[in-house]
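All of the numbers you see were taken from the coordinates with simple rules; none came from a lab. Because the structure is predicted, anything quoted here is derived from the model rather than measured. Every residue, glycine among them, receives a Cβ derived from its backbone with ideal geometry; neighbour counts consider all protein chains shown.
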Amino acid sequence: MTFGFKPMIHKDKIKHFLASSFLTALIYWLSQNLILAILVPLLFGLAKELYDQAKKKNTVSESIFDLGANILGIILGILVIYLVNLKL
């Protein structure tokens, strides 16, 4: 129950955030290439939002917030990579 208030963070944005962070860390783990680990989830997210726009599934502002969640997820993925590499 939201008592008439919209949630601050929508579940969809959490999914974008977690998927991007997971993809960033996974691709880095598989390739050991940080640029690739950043570009793949970024381009995948951008392609998905362009597709959603073409199919009119999202408003422009929803797509922008989705991309923002993707970018924050990528940053978390980079942070995880950095912290794991510190311990190795």
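A few remarks follow.
- Residues satisfying the stated conditions in region 69-83, i.e. more than 10 Å from Ser20 (Cβ to Cβ) and either touching a residue at least 40 places away in the same chain (Cβ under 8 Å) or among the acidic types (Asp, Glu) (or both): Ile78, Val80, Ile81
- Residue within region 23-38 that is buried (at least 19 other Cβ atoms within 10 Å of the Cβ), of a type in the set (S, T, N, Q) and either in contact (Cβ under 8 Å) with a residue 60 or more places away in the chain or part of a helix (DSSP H, G or I) (or both) present: yes
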